[in-house]
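Here the structure is laid out as structure tokens; the discussion comes afterwards.
The values are calculated or read from the model by the stated rules, or taken from the named source; none is laboratory data. The structure displayed is predicted, hence computed values, not measured ones. So basically every Cβ, Gly included, is an ideal-geometry build from the backbone, and we count neighbours across all protein chains shown. Ligands, DNA and RNA are excluded from the accessible area calculation, which covers all protein heavy atoms including side chains. Shrake-Rupley method; radii C 1.70, N 1.55, O 1.52, S 1.80 Å.
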Amino acid sequence: MPYFYTLSRLKTIKYILNIAPYVLLIISFTTNANNNFIISLQGNNNQKINIEYSEPIRLLTLIKDAKEIRQAKKTSSTYWLGSSLSKLIQPQKKQALIKNLKQLSIKHERSQPLSISFSNNAQWVEKNIHNTRIITPIDIDKVRLNKNHNPLLKGGYKLTLANRPNNILILGAINKPQKLLWYPRKSASYYLQKIALIDDADKSNVIVIQPDGIKTNHPIAYWNNQHINISPGSIIYVNYKSLLHDYSILNNMLSSILINRTL
């Protein structure tokens with residue numbers, strides 16, 4: 001049975017509940033409000049609750065309401081570092097990137113590993129990147145204490161309260177995107193020893209997107225290696241090297257699109 005919530009700020013609320021495999025129970029009340037939000041409760045079989053407010057709200061209000069609902073559902077504790085806020089619109093350069101990757105895959109058909117890598121990355125982006133993430137802290141204490149982290153929200157948003165994952169994701173200049181088990185106090189170079197890089201991979205530096213969406217460069221070669229810990233749920237993007245072809249723009253576009261991935 002669904003839980004019912006009495007949140008006075010809400011003009012309407014829609015419950016989408018997983019009650020059996022491949023079955024959804026939807027309870028909704030219609031409205032003409034424009035402030036639409038999706039709260040994704042990853043700790044309860046990826047349950048999603050659609051709510052609407054009668055007027056624009058602050059991020060802190062949305063987080064408090066989401067936390068209240070999550071507590072009522074008695075889910076596991078929130079992984080604030082991996083929780084996120086996204087606009088319900090497709091990232092601006094997503095389709096251009098997918099088109100570029102598919103064209104490169106065809107262009108390099110004679111170099112099968114490179115062609116397959118481009119094609120698999122295009123498929124992953126198309127399947128997994130849907131909304132435009134806003135890079136802002138979701139930790140309720142950080143938002144409460146800093147007004148710059150508490151913007152006014154108007155329109156459609158998705159707030160994801162994530163569970164703490166036990167893996168990291170690697171993609172880019174490898175055969176296909178893959179997940180590896182996360183270990184504490186391990187750097188990017190540790191994980192890259194466990195996979196096969198294609199010949200066109202840059203083996204000097206990788207880009208790491210931490211669960212909060214922050215993108216940083218991590219040196220991994222023997223001559224510049226730096227030990228930088230990686231958090232659960234991070235992405236390691238392996239650059240395509242630009243020795244014969246200049247892939248600097250592609251590397252920047254692809255790694256930037258990955259910021260929009262949510263846990």
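For the condition under 15 Å from the mean Cα position of the chain (by Cα) and under 25 Å from V206 (Cα atoms), what is the one hit in R133, R185?
Working: R185 fails: under 15 Å from the mean Cα position of the chain (by Cα).
Answer to the selection: R133.
Being assigned to a loop (DSSP other than H, G, I, E, B) and open to solvent by 40 Å² or more (accessible area, probe 1.4 Å) holds for only one residue in I106, I138, I89, and it is I89.
Yes or no: K154 of a type in the set (K, R), open to solvent by 20 Å² or more (accessible area, probe 1.4 Å) and within 25 Å of R70 (Cβ to Cβ)?
Working: of a type in the set (K, R): yes; open to solvent by 20 Å² or more (accessible area, probe 1.4 Å): yes; within 25 Å of R70 (Cβ to Cβ): yes.
Considered against the rule, which asks whether it is of a type in the set (K, R), open to solvent by 20 Å² or more (accessible area, probe 1.4 Å) and within 25 Å of R70 (Cβ to Cβ), K154 comes out as yes.
I'd like to know if the range 233-245 contains one or more residues that are at pLDDT 95 or above and open to solvent by 20 Å² or more (accessible area, probe 1.4 Å). No, there is no match, as no residue in the range 233-245 is at pLDDT 95 or above and open to solvent by 20 Å² or more (accessible area, probe 1.4 Å).
Between N217, N251, which is in a helix (DSSP H, G or I), touching a residue at least 12 places away in the same chain (Cβ under 8 Å) and either open to solvent by 60 Å² or more (accessible area, probe 1.4 Å) or touching a strand residue (DSSP E or B) at 6+ places or on another chain (Cβ under 6 Å) (or both)?
Values: N217 fails: in a helix (DSSP H, G or I).
Within the list N217, N251, the selection yields N251.
Of all residue pairs spaced 6 or more apart or on separate chains, none has beta-carbon atoms under 8 Å together with a first member in the range 98-119 that is touching a residue at least 24 places away in the same chain (Cβ under 8 Å) and on the phi > 0 side of the Ramachandran plot and a second member that is in a helix (DSSP H, G or I) and open to solvent by less than 20 Å² (accessible area, probe 1.4 Å). Checked against (1) without any contact (Cβ under 8 Å) to a residue 40 or more places away in the chain; (2) open to solvent by 40 Å² or more (accessible area, probe 1.4 Å); (3) touching a Ser or Thr at 6+ places or on another chain (Cβ under 9 Å); (4) of a type in the set (S, T, N, Q), Q193 passes all but a single condition, namely (3).
Filter the range 109-125 down to residues that are farther than 16 Å from V238 by Cβ and either part of a loop (DSSP other than H, G, I, E, B) or of a type in the set (V, I, T) (or both) and give me whichever is least open to solvent (accessible area, probe 1.4 Å). Residue satisfying both the conditions and the ranking: S111. With respect to the conditions (1) touching a Lys or Arg at 6+ places or on another chain (Cβ under 6 Å); (2) in a strand (DSSP E or B), N239 falls short on a single one, namely (1). Here D200 clears all of (1) under 22 Å from the mean Cα position of the chain (by Cα); (2) surrounded by 20 or more Cβ atoms within 10 Å (Cβ to Cβ); (3) within 21 Å of I249 (Cβ to Cβ) except the condition numbered (1).
Restricted to the range 46-86, and to residues that are assigned to a helix (DSSP H, G or I) and among the small types (G, A, S), which residue is nearest to the chain's Cα centre (by Cα)?
Restricting attention to the range 46-86, the residues satisfying the condition of being assigned to a helix (DSSP H, G or I) are 59-73, 80-82.
If we keep only those that are among the small types (G, A, S) as well, we get 66, 72, 82.
Working: A66: 18, A72: 25, G82: 8 Å.
Top of the filtered list is G82.
Restricting the range 156-201 to residues that are among the β-branched types (V, I, T) and in a loop (DSSP other than H, G, I, E, B) leaves a set whose member that is farthest from A122 (Cα to Cα) is I195.
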